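In what follows, a structure is listed as structure tokens, so that the remarks can point back to it.
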Amino acid sequence: MTLRLTNTLTRTTETFIPLKDREVSIYCCGVTVYDLCHLGHARSYIVWDVLRRYLMWQGYRVTFVQNFTDIDDKILQRAASEGSSMDAVSERNIEAFFTDMDALNILRADRMPRATRCLDGIRALIGDLEQRGAAYSADGDVYFAVMKAPGYGKLSGRDLAEQQGGASGRTADVEEARKRHPFDFALWKGAKPGEPSFPSPWGAGRPGWHIECSAMVRAELGDTIDIHLGGADLIFPHHENEIAQSEAASGKPLARYWLHNGMVNVGGEKMSKSLGNFTTIRALLESGVSPMTLRLFVLQAHYRKPLDFTAAALEAAATGWKGLGGALAVGRSQQGLLGWSESAAGSGAALPEELAASRRRFVAAMDDDLNTAAALGELFELARPLRALANRLQRGDLPSEADRVLGGRWRLLVELAEVLGLQPDQPRPLTAPGSSSAEANLAGCTAPQALHDGAIETMVAERKAAKANRDFATADRLRDELREQGIELVDKPGGITVWLRG
RNA sequence: GGCGGCAUGGCCAAGUGGUAAGGCAGAGGAUUGCAAAUCCUUUACCCCCAGUUCGAAUCUGGGUGCCGCCUCCA
């Protein structure tokens, strides 16, 4: 079993072989911190989080580096429009980034360099490129000369000669006039009056967009890394230019595998800040969508395909998560009844054949270019009896002998779900600080209490009396009233009614 | 115009040569006063046309439709 990944560079799916045995270096293009992250970012970082988790689960030592672009025109605009500073805008959005990503259970990168703190490396890299004749300065700007990069266009499938005509007529501004080739791009931009700037051998200014990633990769991970990640919209020009810069400086390949995730669409169109059709992660979570629902929604599609964001699809994911999450939680929330231990399922040696086969199918799906949709299918299969069990227990049934045997299945489910970053939702804060979570969940009273137990019991008793008189209108009214308060009633054989808080 | 991708049931979505995973929604039955939950059963001529093959959703050619990149973008 070996992991195969689709490499944009070769346009084929290749067996993944890291540079060093059992070690993987990954660089993931991060965000420009001028605003909150939207669902496009969520998808990208969820998918790459799963790649990372899967590699770790497979025993690789992973070093994961992700940058913050905190020097940028849009940040400056934002700062100007709100009368604050570039630093203030960046700082605020970096904090927001962590809040959102933590909520989505995305593991934090091992290192998160910021452009403003990597200026030495950036200047050094530009200097190297200048020395090698791949960079030239013009009126305070420094540009990369794409004609000096023989392989330019290899990632995005572009041919410099063919593209030249089309590109040159497009923009006829001052910057274009300074360039020797229309595809040449800024390594260093001379400061404009009033802008924050940093000193450099070419005058005060700031780095171009692409150079920071090249400099960070070199500083954090070396000349050649195993995997470089990003959204498909970064293939050109960003990643193409990164390759050109880094490889011109080092003479070595920048990354062995280039992986790109598909876009999130809204109504068939790409979600992007410039189109204004975006939903922020924060807004979505605040609207009551659980982080795990979003994760499930993202992982139900293959990472390279476009993903259409619709209310209906999200609702389906929410319902799906309700079942899967319930199955994941059952071992812990009903531990008192089931007595299952949480120790890891291990490598599978001791698993019964049915579970071992399930695990193999999960691995095969993930090995196949991270087929998380198929992997999730396996999780749902595993979860089915557990979900049913969870529902029965929650409604007051007692587990049967057949149920108790499901412990191994539960542990495997938890282990595999963890690879996808899927964890049971955090229980809401307990009102009684002294009680253990297991007891609280058993009693079904983790939520803040709108109605006291006594009041509920009274209504339940009234309903029982109404039912006895075959006054079903009253009985149903009482049930509806309780439902409005989030109390669900379950009639069981023998005239017993149990209730639980939703 | 150049480069790349996608088209599978009511919706979402796997499957890339041997008679179609999974999720959501729906239907029938058991159970229930009715619900909910649970259990059983059930729902696809894989965009079109031609070809290769014993056999194609899966390969080839053509067509149609949709999307992304080529400008900041996850």
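The values are calculated or read from the model by the stated rules, or taken from the named source; none is laboratory data. Quantities reported herein were computed from a predicted structural model and do not represent experimental measurements. Reconstructed Cβ throughout: ideal geometry from the backbone, glycine too, with neighbour counts over all protein chains shown. Side chains included, ligands, DNA and RNA excluded: accessible areas come from the protein's heavy atoms. Shrake-Rupley method; radii C 1.70, N 1.55, O 1.52, S 1.80 Å.
Laid out as a table, the results:
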item	result
In segment A:42-66, residue surrounded by the fewest Cβ atoms within 10 Å (Cβ to Cβ) [restricted to those that are of a type in the set (Ser, Thr, Tyr) and touching a Leu at 6+ places or on another chain (Cβ under 9 Å)]	A:Thr63
Qualifying position, being at pLDDT below 95 and part of a helix (DSSP H, G or I), among A:Met101, A:Met147, A:Met56	A:Met147
Filtered residues of segment A:172-186 (kept if open to solvent by less than 60 Å² (accessible area, probe 1.4 Å) and either modelled with pLDDT under 65 or in a loop (DSSP other than H, G, I, E, B) (or both))	A:Lys179, A:His181, A:Pro182, A:Phe183, A:Asp184
Residues being of a type in the set (D, E, K, R) and either under 23 Å from A:Val419 (Cα atoms) or more than 6 Å from RNA strand B (Cβ to nearest atom) (or both) - total across segment A:372-396	4
Residue in segment A:464-476 that is at pLDDT 75 or above, touching a Lys or Arg at 6+ places or on another chain (Cβ under 6 Å) and not assigned by TED's automatic domain parsing to the domain that holds A:Gly326 present	yes
Number of positions in segment A:282-302 that are of a type in the set (Ser, Thr, Tyr) and either in contact with a His (Cβ under 9 Å, 6 or more places away or on another chain) or free of Cβ contacts under 8 Å to residues at least 40 places away in the same chain (or both)	2
Residue match in segment A:25-34 (condition: on the phi < 0 side of the Ramachandran plot, out of contact with any Lys or Arg (no Cβ under 7 Å at 6 or more places or on another chain) and not in a strand (DSSP E or B))	yes
Some residue of segment A:327-345 being farther than 28 Å from A:Phe97 by Cβ, basic (Lys, Arg) and touching a Leu at 6+ places or on another chain (Cβ under 7 Å)	no
Top-ranked residue in segment A:19-41 [being surrounded by fewer than 19 Cβ atoms within 10 Å (Cβ to Cβ) and more than 9 Å from RNA strand B (Cβ to nearest atom); ranked as nearest to A:Arg92 (Cα to Cα)]	A:Glu23
Those residues of segment A:78-117 which are open to solvent by 30 Å² or more (accessible area, probe 1.4 Å) and among the aliphatic types (A, V, I, L, M), in sequence order	A:Ala80, A:Ala88, A:Ala103, A:Leu107, A:Met112
Options A:Asn241, A:Asn261, A:Asn277; residue that is within 14 Å of RNA strand B (Cβ to nearest atom), within 20 Å of the chain's Cα centre (by Cα) and modelled with pLDDT of 95 or more	A:Asn261
For A:Val330: the one exception among (1) assigned to a helix (DSSP H, G or I); (2) open to solvent by 10 Å² or more (accessible area, probe 1.4 Å)	(2)
Residue check for A:Gly421: part of a loop (DSSP other than H, G, I, E, B) and open to solvent by less than 40 Å² (accessible area, probe 1.4 Å)	yes
Filter result for A:Gly251 (open to solvent by less than 50 Å² (accessible area, probe 1.4 Å) and either within 14 Å of RNA strand B (Cβ to nearest atom) or out of contact with any Pro (no Cβ under 7 Å at 6 or more places or on another chain) (or both))	no
Odd one out for A:Asn7, checked against (1) open to solvent by less than 50 Å² (accessible area, probe 1.4 Å); (2) polar (S, T, N, Q); (3) closer than 29 Å to A:Trp188 by Cβ	(3)
Residues (touching a residue at least 60 places away in the same chain (Cβ under 8 Å) and β-branched (Val, Ile, Thr)) located in segment A:222-279	A:Thr224, A:Ile225, A:Ile227, A:Ile235, A:Ile243, A:Val264, A:Thr279
Residue count, segment A:354-392 (criterion: crowded, with 21+ Cβ neighbours inside 10 Å and not in a helix (DSSP H, G or I))	1
Any hit, segment A:224-234, residues being in a loop (DSSP other than H, G, I, E, B) and away from RNA strand B (no atom under 16 Å from the Cβ)	yes
Qualifying positions in segment A:393-406 - out of contact with any helix residue (DSSP H, G or I) (no Cβ under 7 Å at 6 or more places or on another chain) and surrounded by 15 or more Cβ atoms within 10 Å (Cβ to Cβ)	A:Gln394, A:Arg395, A:Asp397
Segment A:407-423 - residue that is in contact (Cβ under 8 Å) with a residue 60 or more places away in the chain and of a type in the set (A, V, I, L, M) and, of those, farthest from A:Arg295 (Cα to Cα)	A:Leu412
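Residue by residue, here is whether (1) part of a helix (DSSP H, G or I); (2) open to solvent by less than 40 Å² (accessible area, probe 1.4 Å) holds:
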site	(1), (2)
A:Ser200	no, yes
A:His210	yes, yes
A:Glu220	yes, no
A:Gln245	yes, yes
A:Phe278	no, no
A:Gly288	no, no
